[in-house]
Amino acid sequence: MMMNSPAVYMHGADHHAIIAAALLAAYKNCGGEVDLNTAIDEAIRRGSAVPYGICAAAGTSGGAVSAGIFYSIVAKTEPLSIKEWGNGNLLVSECLHKIGLAGGPRCCKRCTFFSLETATRFITEHFGIQLEMPEKIRCGYVERNTDCN
């Protein structure tokens with residue numbers, strides 16, 4: 001629903017916060033313990049710090065970073081955390097692996113779907129929380145994305 005908002009462009013930095021926000025809401029709705037309002041505010045703050053165009057400029061996806069933002073908020077990761085710091089990086093790397101296998105050109109919607117799908121599995125494995133996820137994701141943005149592969 002967030003991606004359908006007219007305020008969220010086809011491609012753009014909005015995705016760097018909405019993935020973490022969506023995961024936080026789903027996590028809470030499925031029994032995860034988190035102060036949702038505070039966590040979403042923090043996800044928006046952190047996601048807003050991920051620059052527009054990072055996928056081309058740094059060889060990474062803001063969508064994958066947003067999944068890591070979710071993890072770091074829920075796990076209360078700090079710079080000197082051991083397990084949490086490592087797991088956050090594993091989640092981001094798994095998202096990036098899936099995104100990388102798809103190749104280019106960039107598509108923020110595709111990266112969002114891949115990151116949500118990857119994070120859903122990761123959350124079950126690491127937090128024991130089962131998020132609801134459709135069996136198959138069908139992208140409804142193909143007509144709007146002239147670069148879709």
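Note on GLU143 and TYR52: with the Förster distance fixed at 25 Å, the Cβ-Cβ geometry gives a FRET efficiency of about 0.60.
Other residues whose C-beta falls under 15 angstrom from the C-beta of SER48 contribute a net charge of -1, scoring Lys and Arg +1 and Asp and Glu -1. Remark: relative contact order (segment 20-149) = 25 percent; criterion is Cα-Cα distance under 8 angstrom and separation of 6 or more residues. Each residue, SER81 and ARG121, gets one label point 7 Å from its Cα in the Cβ direction; the gap between the two is 2.2 nm.
The mean sequence distance of close C-alpha pairs (under 8 Å, at least 6 residues apart), as a share of the length of segment 31-104, puts its relative contact order at 27 percent.
For segment 110-149, trypsin sites (Lys or Arg not before Pro) meeting the loop criterion (DSSP other than H, G, I, E, B) and having at most 16 other Cβ atoms within 10 Å: LYS136, ARG138. Going through (1) 41, 30, 27; (2) 41, 39, 32; (3) 51, 37, 21, the figure that equals Cα extents along the principal axes in Å as computed for the structure here is (1). Summed over qualifying helices (DSSP H, 4 residues or more, each -39500 (n - 2.57)) and divided by its residue number, the chain shows a 222 nm mean residue ellipticity of -18500 deg cm²/dmol. Segment 79-149 and segment 1-33 have Cα centres separated by 12 Å. Dipole size of segment 87-149 about its Cα centre, with +1 on Lys/Arg Cβ and -1 on Asp/Glu Cβ: approximately 200 debye, rounded to the nearest 20. Taken about its Cα centre, the chain carries a charge dipole of about 340 debye when Lys and Arg each add +1 at the Cβ and Asp and Glu each add -1 at the Cβ. Remark: the chain carries 57 Å² of accessible area per residue (probe radius 1.4 Å; ligands, DNA and RNA excluded). Under the criterion of Cα pairs below 8 Å and six or more residues apart, the relative contact order for segment 78-149 equals 30 percent. Applying the criteria of a DSSP loop state and at most 16 other Cβ atoms within 10 Å to the chymotrypsin sites (Phe, Trp or Tyr not before Pro) of segment 7-79 yields TYR9, TYR52.
The values are calculated or read from the model by the stated rules, or taken from the named source; none is laboratory data. What you see is a predicted model, and the numbers here were worked out from it, not measured in a lab. Neighbour counts are summed over all protein chains in view; Cβ atoms, including those assigned to glycine, are modelled from backbone coordinates with ideal geometry. SASA here: full protein model, heavy atoms, side chains in, ligands and nucleic acids out. Shrake-Rupley method; radii C 1.70, N 1.55, O 1.52, S 1.80 Å.
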